[in-house]
Structure formats: C-alpha cells, structure tokens
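All remarks here apply to the structure that follows.
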Amino acid sequence: MKLKKININLAKALEEQELAEPRAIQKQTFGTIKSGADCVIEAPKSEGKTTTIVINVIQRLEKAFQQSPRALIFVESKEKVQEMEELFEKYGNYTDLRVYGVHEKGDVDYDKNVISAGIDVLIGTPGKLNDMFATAGFDVNQLKMFVVDDAEALLKLRHDGKIVRISDSVQKSQRILFTDVLSARVESLADRIMTEPFVFEFADEENDQ
C-alpha cells in the first residue's frame, strides 16, 4: 500500500491482500495517527474504518514486546471482535504481534490466563473489557493506543461510562475515536478523554465519484 513511510512488511501483506491503493480515510489519517496524536475520525459504513484501525496498530506497534497490552480496541459485539481478529491475522502475517479478543460469551479465567501470558493487542466489547480491567490488574501504563471503533453505536448502548472509566485509569496513551456519525454524544466523549484532538470527516467515496 502506498502510504508515506509505511512499514515494508506491512505494505507487503496489504498488497498480497489486494490493498495496493489506500482509501481516502487511510491516506489522510495515516501520518497523524502514526505521530501519536489524538484523533476523531468520522466516515460512513464500509469506508474502511476497521481496516484503518488494524493498519495503524500494526504500523505503530510493529512487533511483540513485553507482556502487557499496548493497544486496546473497543468494539460493539462478539462478531466485530472476530472480524478484527481476522484482519490482524491477514494484514499482520509478517509480524509476531500477539492479538487477542474478548467478549461476554468467552471464558473469563481462560481469557485472563492468555492475557497474563503476554499480548500486544487486546480487542473487546466495553462490558467485558471493563470487567477484566477491574479484576485482572493489567499494567495499563504500557498502552500506546486507546481506540474506540463505532463510537456512536457504543454510546447509544450507554457504554460511555465503561469507556471513560478505563480511559481515566490510563495516564498517557494516544486516543482515537472512529464513528459513522460525529454526534453530540461522540463530541462529548472526545471532550472527556482527549485534549485538542485532530478531527477528520469523510464522505462516501462512491457517492462522490
């Protein structure tokens, strides 16, 4: 994929998955996300938000390191957890990043054992992540990326308290919100957990052509 200073192995993996040309959301946000700045990114469904998350997490983390998660990703459902895990497997096949997903239907003790053994990327639903962070005692100071996918959908389900609670426990980390709609709820969440974030807004590429 033709992105400025993209990791060579990541670019190779993306091209093997026939992602040689970046979409607008990937091209225009790549440098800002790579810099570690906070971002709010609005784009319609099917415009590549989930792929953008995976690409940038792989780019920033690069390889396995220590034991505690360095990227935390909130998603709406078990299905979204599995979808993102599959994308990490496809686009991260030239890295040894350890990716693990949790949701309400998983086994709590098994999840804790896997995570305590060492992972780099933790994907999960807000309820499950909140429960695990409250009881497992993870070292949140290692987090480099705090990412919320489908923010508006999660806020409609009243998960804002769980997201804020975990965010408040993290002293320093890049925070990124992805959303279909830049609603008042999303703006309020950004105000609570971010400081002067960059805001990106994208229209439907197909409708713009």
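Miscellaneous remarks
- Counting only residues that are out of contact with any Ser or Thr (no Cβ under 8 Å at 6 or more places or on another chain) and more than 22 Å from F198 (Cα to Cα), segment 14-35 holds 7 of them.
- Qualifying residue in segment 95-117 (condition: assigned to a helix (DSSP H, G or I), closer than 23 Å to I33 by Cβ, at pLDDT below 95 and of a type outside the set (A, V, I, L, M, F, W, C)): no
- Flag if D111 is within 20 Å of D139 (Cβ to Cβ), surrounded by fewer than 21 Cβ atoms within 10 Å (Cβ to Cβ), of a type in the set (D, E) and touching a helix residue (DSSP H, G or I) at 6+ places or on another chain (Cβ under 9 Å): yes
- Criterion applied to E89, E76 was being without any contact (Cβ under 8 Å) to a residue 24 or more places away in the chain, under 15 Å from the mean Cα position of the chain (by Cα) and either on the phi < 0 side of the Ramachandran plot or not in a helix (DSSP H, G or I) (or both), and the one residue passing it is E89.
- Members of segment 30-59 found to be assigned to a loop (DSSP other than H, G, I, E, B), acidic (D, E) and at pLDDT 95 or above, listed by number: D38
- Cβ separations smaller than 7 Å between residues 6+ apart or across chains give the following pairs from segment 7-24 residues that are closer than 12 Å to T52 by Cα to residues that are outside any helix (DSSP H, G or I) and among the aliphatic types (A, V, I, L, M): L14/M1; L19/M1; P22/M1; P22/L3.
- Lone qualifier among L189, L154, L182 - being touching a Leu at 6+ places or on another chain (Cβ under 8 Å), at pLDDT 90 or above and surrounded by 12 or more Cβ atoms within 10 Å (Cβ to Cβ): L189
- Checking A13 against (1) at pLDDT 95 or above; (2) within 17 Å of the chain's Cα centre (by Cα); (3) not hydroxyl-bearing (S, T, Y), the condition it does not meet: (2)
The values are calculated or read from the model by the stated rules, or taken from the named source; none is laboratory data. Only a predicted model underlies this, so the values are computations on that prediction, with no experimental measurement involved. Note: ideal-geometry Cβ built from the backbone for every residue, glycine included; neighbour counts use all protein chains shown.
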